[in-house]
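Here the structure is laid out as structure tokens; the discussion comes afterwards.
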Amino acid sequence: MSSVRVNWQLKAILPVGFVLLAGLLLFILATVSLRDPDRHAVLIVAGAGAVAICAVSMLMLAFLVQRPMVELQEKIGLVSDGNLDVRVSFSRRNDEIGDLGRKFNYMMQQLRESREEIDRLHRTQMSRAEHLATLGEMATGLAHEIRNPLAGIAGVIEIVGRDLPSTSPARAVIKDVRLEIAQINRIVTDLLETARPHPPQIRLSNLNTTVEHAVMLARQQVLSKPIKIELHKAPDLPEVEHDSDQIHQVLLNLLLNAVQAVTGAGTVNVEIGSQDGFASVAVSDTGRGISSEHLSNIFRPFYTTKGNGTGLGLSLARRIVEEHHGRIEVNSVVAKGSKFTVLLPFQTPSSQTAAF
Ligand SMILES: Nc1ncnc2c1ncn2[C@@H]1O[C@H](COP(=O)(O)OP(=O)(O)O)[C@@H](O)[C@H]1O
Ligand SMILES: [Mg+2]
């Protein structure tokens, strides 16, 4: 439905014209009824007056309204072409049109500031992304460079250790060196995993099985410690779309963190279930807990409070879970323990669309 477009000048002049016409008609009626002989001259003067009034009001309206409107239209055209450096000249007027001008100029000022802020953020993000990409490349290169000589050193140490007499005090040193080599190897492996992401191979499979494998592996690591790892499976849980190797790695990282947080005897509880339409795996420990100021940092790469930590476990875990379109939630109370919950959608969005 399109309504007839009437020019504003016409709209503004119509009431004036009607008033004048009505006056003129009244005047004609009055003169005709009075049978005035000079009525022709009066009519001409009245008509000319009416035309003059119309012309003057048109000019005034054009000056007061049309010029600012045309300017506003031009400026809006410039804005839509991407130029935010515009302002209108009629903002000093002390009327509604002036108000409009001031509001327009204020709006432009706000837009300019927002765009500057967006540009600034964009520049920071870009340089950070470049920085990270370069760091990632460097780290991967370095990791490869370290790995080969490290394997050589490990081999030599092994041979030297074997040849030493069992009473030699150097045996203890050799043992320390072996442990240090294992630590460097762990850092390098984690670093390579973090810097060289590979997309998850998502398949529909049993989450209970994936979790069980991780728990079994973690139990091997705590055989010598008074720590119990309890697993509560959810036998009725529908199958979950996930990359079982990657989720296995996530849970192992969480389990090892949980175990490392416990000093002395303690329990790590693993519970599989569902929450808010997601499949969930909660790993809780009775360890030292995390204070609120540390909590915001724990997912940052290289953030660690452990002497032999790499600080890459949780950042890697979060990335994997997010690639599964899930999330990790943390609840922690200092000196009581922590609970890390992995939430995974039963179906990842990419496979939902593929099904259609
Ligand atoms: N279950 C937990 N209890 C207490 N602190 C934890 C727990 N899990 C993680 N953290 C904290 O988060 C930090 C980062 O963990 P992570 O990324 O796995 O690196 P790393 O284990 O190598 O230190 C740890 O150093 C520790 O301070
Ligand atoms: Mg860890």
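The values are calculated or read from the model by the stated rules, or taken from the named source; none is laboratory data. What you see is a predicted model, and the numbers here were worked out from it, not measured in a lab. Every residue, glycine as well, gets a Cβ built from its backbone with ideal geometry; the counts of neighbours run over all protein chains shown. Side chains included, ligands, DNA and RNA excluded: accessible areas come from the protein's heavy atoms. Shrake-Rupley method; radii C 1.70, N 1.55, O 1.52, S 1.80 Å.
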Condition broken by Arg318, with the remaining ones in (1) touching a helix residue (DSSP H, G or I) at 6+ places or on another chain (Cβ under 8 Å); (2) buried (at least 17 other Cβ atoms within 10 Å of the Cβ); (3) among the charged types (D, E, K, R) satisfied: (1)
The range 169-188, residues that are surrounded by fewer than 17 Cβ atoms within 10 Å (Cβ to Cβ) and either at positive phi or touching a residue at least 40 places away in the same chain (Cβ under 8 Å) (or both): Gln183, Arg186
Residue under evaluation Val270, criteria (1) open to solvent by less than 60 Å² (accessible area, probe 1.4 Å); (2) on the phi > 0 side of the Ramachandran plot; (3) more than 9 Å from ligand 1 (Cβ to nearest atom), criterion not met: (2)
Hey, Ala258 at pLDDT below 90, under 18 Å from Gly311 (Cα atoms) and crowded, with 19+ Cβ neighbours inside 10 Å or not: no
Pick from the range 87-117, criterion of a type in the set (A, V, I, L, M) and at pLDDT 90 or above, ranking: most open to solvent (accessible area, probe 1.4 Å): Met107
The lone exception for Val281 - which of (1) more than 12 Å from ligand 1 (Cβ to nearest atom); (2) free of Cβ contacts under 8 Å to residues at least 40 places away in the same chain; (3) open to solvent by less than 20 Å² (accessible area, probe 1.4 Å); (4) of a type outside the set (S, T, N, Q) it fails: (2)
Pairs, first in contact (Cβ under 8 Å) with a residue 24 or more places away in the chain and within 16 Å of ligand 2 (Cβ to nearest atom) in the range 330-346, second part of a strand (DSSP E or B) and among the aromatic types (Phe, Trp, Tyr), C-beta under 8 Å, six or more apart: Val330/Phe340
